1. Do you know which residues across region 146-172 are among the β-branched types (Val, Ile, Thr) and either touching a Cys at 6+ places or on another chain (Cβ under 9 Å) or surrounded by 14 or more Cβ atoms within 10 Å (Cβ to Cβ) (or both)?
2. Being assigned to a loop (DSSP other than H, G, I, E, B) and over 30 Å from Val123 (Cα atoms) is the filter here, so list the residues in region 156-202 that pass it.
3. Scan region 195-218 and tell me whether some residue there is modelled with pLDDT under 90, of a type in the set (Lys, Arg) and outside the structural domain of Leu126 (by TED's automatic domain parsing).
4. So, in region 203-221, how many residues would count as being of a type in the set (Lys, Arg), under 20 Å from Ala163 (Cβ atoms) and not in a loop (DSSP other than H, G, I, E, B)?
5. Within region 156-186, can you find the residues that are more than 45 Å from the chain's Cα centre (by Cα), among the small types (Gly, Ala, Ser) and farther than 19 Å from Phe220 by Cα?
6. For region 130-141, indicate whether the set of residues that are of a type in the set (Val, Ile, Thr), at pLDDT 90 or above and not in a loop (DSSP other than H, G, I, E, B) is non-empty.
7. Residues of region 184-223 being in contact (Cβ under 8 Å) with a residue 40 or more places away in the chain and β-branched (Val, Ile, Thr), which ones?
Amino acid sequence: MTESGNSSEKAGREDQGLESELRESPDAAARASAERVTAAPGPDLPGAADGHGAAAGAGSVDTSPTDDASSRTELGVLREEFEALNDRHLRLVAEFNNFKRRSEQERLGAWARAQSELAGRLVEVLDDLQRVAQLDLSNATVEAIMEGIDLVERKFARALTDAGIEVIEPNGVAFDPTFMEAMMRVPAQSDDQVDQVAQVFQKGYQLKGNLIRPARVSVFTQS
């Protein structure tokens, strides 16, 4: 009984001393409260040990230079591809322009050669005509002059044929306004003659489907 009373008196004096110390120093009270919270046992929470690290990790942003380097690399690759495509485009344009120029030159050269060949044939015909014109009429006969003219005509016609020129001579065929020009109308003696060519006044000519001159004709019509 005596020991128990002594212990109670001793605890009471300690509490009174603690209370007086807390009243004298507020900082001491705060420290004492913190010590009680720290010392108090509590339930173990998962992740409590590394909670501070997780929070710090969640609030931070990875500013590693790897992403910037990757972006610069992709930009460089795209720039190189663009420059390569642009260079290819410029080369193709230059090649196409050169092809057009060469094609035009070849076309003009072929046309000039064709004209030269035709002119050479016509010059030969002109030489023959000049020889006929230089005949001495006092010694030449009409038959010789006509024979010379006939030879010149055949040579000229052969030159035109070699150049690809076709003669349009529509005797006894149906009138075609595409290649013919009606100069006059002639009354038809039968129904079969209607719209047929009656007479060719002047031959027509065409070159590979291109009309040079239409044939001038007369056409049968109903009376």
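1. At the first step, the residues of region 146-172 found to be among the β-branched types (Val, Ile, Thr) are 149, 152, 161, 165, 167-168.
Those that are among the β-branched types (Val, Ile, Thr) and either touching a Cys at 6+ places or on another chain (Cβ under 9 Å) or surrounded by 14 or more Cβ atoms within 10 Å (Cβ to Cβ) (or both): Val152, Ile165, Ile168.
2. The initial filter retains those residues of region 156-202 that are assigned to a loop (DSSP other than H, G, I, E, B), namely 163-164, 169-173, 175-179, 188-190, 194-195.
Within region 156-202, Asn171, Gly172, Val173, Phe175, Asp176, Pro177, Thr178, Ala188, Gln189, Ser190, Val194, Asp195 meet the criteria.
3. So the first thing to find is which residues in region 195-218 are modelled with pLDDT under 90, and the list is 208-209.
Still in the running and of a type in the set (Lys, Arg): 208.
Going one step further and asking which of them are outside the structural domain of Leu126 (by TED's automatic domain parsing), we end up with 208.
The answer is yes; a qualifying residue exists.
4. Step one: filter region 203-221 for residues of a type in the set (Lys, Arg), giving 203, 208, 213, 216.
If we keep only those that are under 20 Å from Ala163 (Cβ atoms) as well, we get 203, 208, 213.
Now drop any that are not not in a loop (DSSP other than H, G, I, E, B), which leaves 213.
Adding up the residues that qualify gives 1.
5. Ala157, Ala159
6. We begin by selecting, within region 130-141, every residue of a type in the set (Val, Ile, Thr); these are 132, 141.
Adding the requirement that they be at pLDDT 90 or above leaves none.
Within region 130-141 (the criterion being of a type in the set (Val, Ile, Thr), at pLDDT 90 or above and not in a loop (DSSP other than H, G, I, E, B)), the answer is no, since none of the residues qualifies.
7. Correct list: Ile212, Val217, Val219.
The values are calculated or read from the model by the stated rules, or taken from the named source; none is laboratory data. All values derive from a computational prediction rather than experimental measurement. Heads up, the Cβs are rebuilt from the backbone with ideal geometry, glycines too, and the neighbour counts pull from every protein chain shown.
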